[in-house]
Amino acid sequence: MYIRKQRLLTPGPTPLYPPALHAMMASDVHHRTEDFRKIYTAALADLKEVYGTANDVLCFTASGTGALDASVSNLFSRGDKAIVCSAGKFGERWTEIARAYGLDVQLLEYAYGDTIAPERVEAALKAEPGTKGVFIQASETSTGAEHDIKSIGEIVKKTDALFVVDAITGLGTMPLDIDGWGLDVLIGGSQKAFMIPPGLAFMSVSAKAWKSTETATLPHYYFDLKKEKKNGDGGESSWTPATSLILALAEALKYVKEIGMANLIANAQMLARATREAAAELGLELFAKRPGSSVTAIKSPAGINSGVIVKGFKERFGAVIANGQGSMKGQMFRLAHLGYFDISDMFSVIAGLELILRANGYEVGLGSGVAAVQRVYEAAQSEPRLAAA
């Protein structure tokens, strides 16, 4: 029996930043004391800086879905017309939440792996000028696709509609100019690019979105944006926070600021590019038509269920990768790039993939995919590094 370290290679949860993990051990601090208020205030300020926005940024003890829920319940009223853009499992989640609260949903639905056409959003808004909100993913984690948030944002901001973006895997993996592109609500989660465990959700709220809270009539209690803003300004959360996660977040944000958000994004993009090149070298096909940088979805070769590849990583290398979700289960596997991943992770992932494919009868020249990763890494060394803010 050889040593096998556990490796988490999924698009959430992601590998933990060690100093953040260590910071969690100090979680016996009381959350209604000045000591914790200082930590919480600093974390919110750093979160806003990392978001790169002048808008308010709120933090909730919840999964990212809690913030998705809050964006609907606080900003809209029953019967409001909304456009939901869906091209994967998490687009479907937007549809479910909007309909659960009684919004009048116009669904712009695309096949899994496709991306949303900005001109279709524009046409839908022109056809229904009374639309109150447009909902979308920045990065559709279930398919590895990245939507054109900039183009759609520029369309939506010319209207009275709010642009609500699930960027839970988009933050830290793709450029997102919140203020410049008119992203009224942008949602993130702790277990993605921020390199800490699940349990915190983040939301930036524009002045346009705050104005909507004055007329919105949907019921809400725990997820109350106004209450959270008021308490956050005083250094406290509205309800009992996940103290250990706040401590971890504070440490992780220091690291993100140290390396620079732009470089965190560049790291994910380099790893994604290396994975795509390796897949091409191995004769494998990508699933998404416009692949993003949070996760790469790769079609399983003919005759091989992707579950076999997922199982091979776990049994042979102690590594956890993601299968396809929903109707795509068995048809593709997903390799993540967001957060605390580096090029050495990619070397080992692709080397392991080659061995698993060979063991299942797929002809692979050992080292060919790894060589592609090496070439991308070598080329990236000549690219200029961006200074941290």
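The values are calculated or read from the model by the stated rules, or taken from the named source; none is laboratory data. None of the values given here were measured: they were computed from a predicted structure. Positions of Cβ are backbone-derived with ideal geometry, glycine not excepted, and every protein chain shown enters the neighbour counts. Surface areas here come from the heavy atoms of the whole protein model, side chains and all, with no ligands, DNA or RNA. Shrake-Rupley method; radii C 1.70, N 1.55, O 1.52, S 1.80 Å.
A quick yes/no check of all residues on (1) more than 26 Å from A167 (Cα to Cα); (2) under 23 Å from the mean Cα position of the chain (by Cα); (3) open to solvent by 20 Å² or more (accessible area, probe 1.4 Å):
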| position | (1), (2), (3) |
| --- | --- |
| K289 | no, yes, yes |
| G292 | no, yes, no |
| K311 | yes, no, yes |
| L357 | yes, no, no |
| G369 | yes, no, no |
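Restricting to the stretch 45-60, give me the number of residues that are closer than 17 Å to K230 by Cβ and either out of contact with any helix residue (DSSP H, G or I) (no Cβ under 7 Å at 6 or more places or on another chain) or open to solvent by 40 Å² or more (accessible area, probe 1.4 Å) (or both).
Looking only at that region, the number is 3.
Can F317 be described as surrounded by 21 or more Cβ atoms within 10 Å (Cβ to Cβ) and closer than 21 Å to I168 by Cα?
Working: surrounded by 21 or more Cβ atoms within 10 Å (Cβ to Cβ): yes; closer than 21 Å to I168 by Cα: no.
The answer is no for F317.
Assess whether S382 counts as being assigned to a helix (DSSP H, G or I) and out of contact with any Asp or Glu (no Cβ under 8 Å at 6 or more places or on another chain).
Here the answer is no, as S382 does not meet what is asked.
Would you tally the residues in the stretch 1-42 being farther than 27 Å from R334 by Cβ and over 27 Å from the mean Cα position of the chain (by Cα)? Steps first, answer last, please.
Filtering the stretch 1-42 down to residues farther than 27 Å from R334 by Cβ leaves 1, 19, 22-42.
This time we only want the ones that are over 27 Å from the mean Cα position of the chain (by Cα), so: 1, 26, 28-38.
Residues that pass the stated criteria total 13.
Of everything in the stretch 159-169, what is of a type in the set (D, E, K, R) and surrounded by fewer than 24 Cβ atoms within 10 Å (Cβ to Cβ)? Give them in sequence order. Step through it out loud before you land on a result.
Initial filter on the stretch 159-169 (of a type in the set (D, E, K, R)): 160, 166.
D160, the sole residue that qualifies.
Which condition from (1) within 30 Å of G180 (Cβ to Cβ); (2) open to solvent by less than 50 Å² (accessible area, probe 1.4 Å) is the one that P15 breaks?
Checking P15 against (1) within 30 Å of G180 (Cβ to Cβ); (2) open to solvent by less than 50 Å² (accessible area, probe 1.4 Å), the one that fails is (1).
Being open to solvent by less than 10 Å² (accessible area, probe 1.4 Å) and polar (S, T, N, Q) is true for just one of S190, S212. Which residue is that?
Values: S212 fails: open to solvent by less than 10 Å² (accessible area, probe 1.4 Å).
Being open to solvent by less than 10 Å² (accessible area, probe 1.4 Å) and polar (S, T, N, Q) holds for just one of S190, S212, which is S190.
Examine the stretch 296-304 for a residue that is open to solvent by 10 Å² or more (accessible area, probe 1.4 Å) and touching a helix residue (DSSP H, G or I) at 6+ places or on another chain (Cβ under 6 Å), and state whether such a residue exists. It would help to see each step written out before you state the result.
Let us first name the residues in the stretch 296-304 that are open to solvent by 10 Å² or more (accessible area, probe 1.4 Å), namely 299-304.
With the extra rule that they be touching a helix residue (DSSP H, G or I) at 6+ places or on another chain (Cβ under 6 Å), the set shrinks to 300.
Within the stretch 296-304 (the criterion being open to solvent by 10 Å² or more (accessible area, probe 1.4 Å) and touching a helix residue (DSSP H, G or I) at 6+ places or on another chain (Cβ under 6 Å)), the answer is yes, since at least one residue qualifies.
Against the conditions (1) more than 21 Å from the chain's Cα centre (by Cα); (2) of a type in the set (D, E, K, R); (3) open to solvent by 20 Å² or more (accessible area, probe 1.4 Å), where does E251 fall short? Just the number, please.
Of (1) more than 21 Å from the chain's Cα centre (by Cα); (2) of a type in the set (D, E, K, R); (3) open to solvent by 20 Å² or more (accessible area, probe 1.4 Å), only one is false for E251: (1).
Out of curiosity, is A322 open to solvent by 30 Å² or more (accessible area, probe 1.4 Å), touching a helix residue (DSSP H, G or I) at 6+ places or on another chain (Cβ under 9 Å) and of a type in the set (A, V, I, L, M)? Walk me through how you get there before you give the answer.
Values: open to solvent by 30 Å² or more (accessible area, probe 1.4 Å): no; touching a helix residue (DSSP H, G or I) at 6+ places or on another chain (Cβ under 9 Å): yes; of a type in the set (A, V, I, L, M): yes.
When the stated conditions are applied, A322 does not pass them.
Take the conditions among the polar types (S, T, N, Q), open to solvent by less than 50 Å² (accessible area, probe 1.4 Å) and not in a helix (DSSP H, G or I) and apply them to T115. Does it pass?
Details: among the polar types (S, T, N, Q): yes; open to solvent by less than 50 Å² (accessible area, probe 1.4 Å): yes; not in a helix (DSSP H, G or I): yes.
When the stated conditions are applied, T115 passes them.
Considering only the stretch 20-60, state which residues are over 14 Å from L245 (Cβ atoms) and in a helix (DSSP H, G or I).
Result: E34, D35, R37, K38, T41, A42, A45, D46, K48, E49, V50, Y51.
Scanning the stretch 124-158 for residues that are open to solvent by 10 Å² or more (accessible area, probe 1.4 Å) and among the aliphatic types (A, V, I, L, M), which turns out nearest to K192 (Cα to Cα)?
I155
Search the stretch 36-59 for residues that are within 16 Å of A70 (Cβ to Cβ) and pair each with any residue that is open to solvent by 60 Å² or more (accessible area, probe 1.4 Å) when their beta-carbon atoms are under 7 Å apart and the residues are at least 6 apart or on different chains.
If the second residue must be open to solvent by 60 Å² or more (accessible area, probe 1.4 Å), the pairs left are N55/D179; V57/K48.
Given the criteria without any contact (Cβ under 8 Å) to a residue 40 or more places away in the chain and either in contact with a helix residue (DSSP H, G or I) (Cβ under 8 Å, 6 or more places away or on another chain) or hydroxyl-bearing (S, T, Y) (or both), does E122 qualify?
Against the criterion (without any contact (Cβ under 8 Å) to a residue 40 or more places away in the chain and either in contact with a helix residue (DSSP H, G or I) (Cβ under 8 Å, 6 or more places away or on another chain) or hydroxyl-bearing (S, T, Y) (or both)), E122 qualifies.
Taking the condition assigned to a strand (DSSP E or B), hydroxyl-bearing (S, T, Y) and in contact with a Phe, Trp or Tyr (Cβ under 8 Å, 6 or more places away or on another chain), does S204 pass?
Numbers: assigned to a strand (DSSP E or B): yes; hydroxyl-bearing (S, T, Y): yes; in contact with a Phe, Trp or Tyr (Cβ under 8 Å, 6 or more places away or on another chain): yes.
So S204 fits the description; yes.
Can you tell me which residue in the stretch 220-247 is farthest from the chain's Cα centre (by Cα), limited to those that are among the charged types (D, E, K, R) and open to solvent by less than 70 Å² (accessible area, probe 1.4 Å)?
The first filter runs over the stretch 220-247 and keeps only residues among the charged types (D, E, K, R), leaving 224, 226-230, 233, 236.
Narrowing the set further to residues that are open to solvent by less than 70 Å² (accessible area, probe 1.4 Å) leaves 224, 228-229, 236.
On the way: D224: 23, E228: 22, K229: 23, E236: 26 Å.
Only one residue fits best here, namely E236.
Can you tell me which residue in the stretch 325-341 is nearest to A268 (Cα to Cα), limited to those that are assigned to a loop (DSSP other than H, G, I, E, B) and open to solvent by 20 Å² or more (accessible area, probe 1.4 Å)? Write out each step before concluding.
Here is the first cut: in the stretch 325-341, the ones assigned to a loop (DSSP other than H, G, I, E, B) are 325, 329-331, 337-341.
Going one step further and asking which of them are open to solvent by 20 Å² or more (accessible area, probe 1.4 Å), we end up with 325, 329, 331, 340.
Working: Q325: 22, K329: 24, Q331: 24, Y340: 9 Å.
My answer is Y340.
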